[in-house]
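The values are calculated or read from the model by the stated rules, or taken from the named source; none is laboratory data. All values derive from a computational prediction rather than experimental measurement. FYI the Cβ positions are ideal-geometry reconstructions off the backbone, even for glycines, and counts take in every protein chain you see. Note: areas computed on protein heavy atoms with side chains; ligands, DNA, RNA excluded. Shrake-Rupley method; radii C 1.70, N 1.55, O 1.52, S 1.80 Å.
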Amino acid sequence: EMHIQSALVNGASEVTEDALQIDLLNSAGVVKFAGNATTTATLNAGDIVSYSDLMHLSIQLDQNRTPKKTTIITGSRMVDTRTIDAARFMFIGSELLPTLKAMKDLHDNPAFVHTHQYGDATKPITGEVGSIDQFRFVVVPEMMKWANAGALAADATYYAGDSRYDVFPMLCIGDASFTTIGFNTDGKSVKFKTYTKKPGEATADRNDPYGEMGFSSIKWYYGFMILRPERIALIKTLAKL
């Protein structure tokens, strides 16, 4: 019974996180397309996120009065510690890591700063892999994408579906931009109810005369409200293999 209850809660939590991610992706008030693309369907080979895209997105968020959650990191005495700017967190899928690590800045120098280079001066959050300009990147293992939604695929070096390129999101969520009903308990109540009926007399009826089938079920509540859409930013880009 403990295993069943754990599986129910884990499954419901996963669905809630997926619903929240979908709502955030669809609620972004600032949407930019990599390269020369103007829509999702026009993202073509070569339309991958650049240093300039990130820089201009950061400027737009500054103009929208989007707070930065982290303070300036001044480095430390440890070897190879790098100084990075006050930054906002950006959430990505693991498919974008090769693209980010190959990115060059405006002076044609490597733009990506690995977490271990500044990790002694600040505590990275779970999944954080590095920094570029004023963004700190967090890899989400189950980050969604728009599969087969880009232009017709003609270059095998990019992720693609059956006939079109896959489009990947880079999501930045500003402070106080949305509110949601949390899945976990607040210490006084929970947002879900579970029921379990074992096989036996309790489940016996005309459809199952001997009560050979039992079941477990869960019901929970989810709510989402956007507060400051201009503080949620999204870059849509292709990704190289």
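Which percent, nearest 5, of DSSP beta bridges in the chain are antiparallel? Could you put the intermediate results ahead of the total?
Numbers: 30 of 39 bridges.
If I count the DSSP bridges inside the chain, around 75 percent turn out antiparallel.
What is the set of long-range amide H partners of residue 135 at a cut-off below 5 Å, with H atoms built 1.01 Å from backbone N?
For residue 135, the qualifying residues are 88.
Roughly speaking, to the nearest percent, how much of the chain's 1.4 Å accessible area is carbon and sulfur? Before the final figure, lay out the partial values.
Details: 7350 of 13720 Å².
Ligands and nucleic acids excluded, carbon and sulfur give 54 percent.
Residue-wise, which Karplus ³J(HN,Hα) couplings in Hz belong to segment 197-212, taking 6.51 cos²θ - 1.76 cosθ + 1.60, θ = phi - 60°, and x for glycine or proline?
10, 6, x, x, 4, 5, 9, 6, 8, 5, 7, 9, x, 9, x, 8
Quick check: the angle from helix 51-63's long axis to the longest principal axis of the chain, C-alpha only, nearest 10 degrees?
The answer is roughly 70 degrees.
With labels modelled as points extended 7 Å from the Cα through the Cβ direction, what inter-label distance (nm, one decimal) is found for residue 190 paired with residue 157?
5.2
Order 31-42, 136-147 from most to least packed using the mean count of other Cβ atoms within 10 Å. Numbers along the way, then the final one.
Numbers: 31-42: 15.2, 136-147: 16.9.
Listed from highest to lowest mean packing, they are 136-147, 31-42.
Using a probe radius of 1.4 Å on heavy atoms only, what accessible surface per residue do you get for segment 115-241? Whole Å² is fine. Present the calculation step by step, with values, prior to reporting the outcome.
On the way: 7340 Å² over 127 residues.
On a per-residue basis, 58 Å².
Helix-derived [θ] at 222 nm for the chain: sum -39500 (n - 2.57) over DSSP H runs of at least 4, divide by residue count, nearest 500? Please report the intermediate quantities before stating the final value.
Working: 4 runs with 48 residues, N = 241.
That calculation yields -6000 deg cm²/dmol at 222 nm.
Arranged from highest to lowest average of other beta-carbon atoms within 10 Å per residue, in what order do the peptides 226-237, 7-18 appear? Walk me through the numbers before you get to the answer.
Numbers: 226-237: 20.1, 7-18: 14.2.
Answer by packing, highest mean first, reads 226-237, 7-18.
Based on the mean of other beta carbon atoms within 10 Å per residue, what is the order of 89-98, 55-64, most packed first?
Numbers: 89-98: 19.1, 55-64: 16.1.
In decreasing order of mean packing, 89-98, 55-64 become 89-98, 55-64.
For the chain, modelled as a GNM with alpha-carbon contacts under 10 angstrom, which of 159, 195, 222 fluctuates the most?
195
If you average the sequence gap of Cα pairs under 8 Å that are 6 or more apart and divide by the length of segment 123-206, what percent do you get for the contact order?
Values: 68 pairs, mean separation 13.0, N = 84.
Reported as a whole number, the value is 15 percent.
Rule-of-thumb check for the chain: C-alpha Rg over 2.2 N^0.38 Å?
On the way: Rg = 22.4 Å, N = 241, 2.2 N^0.38 = 17.7 Å.
Computed over Cα atoms of the chain, the ratio equals 1.27.
Let a ≥ b ≥ c be the square roots of the eigenvalues of the Cα gyration tensor of segment 149-219; is it rounded (a/c under 1.5), or, if not, prolate (a/b larger than b/c) or oblate? Before the final figure, lay out the partial values.
Working: a/c = 5.96, a/b = 1.66, b/c = 3.59.
Oblate.
Using only the alpha-carbon atoms, how far is helix 2-27 inclined from the longest principal axis of the chain? Give it as 0 to 90 degrees, nearest 10.
Computed tilt is about 40 degrees.
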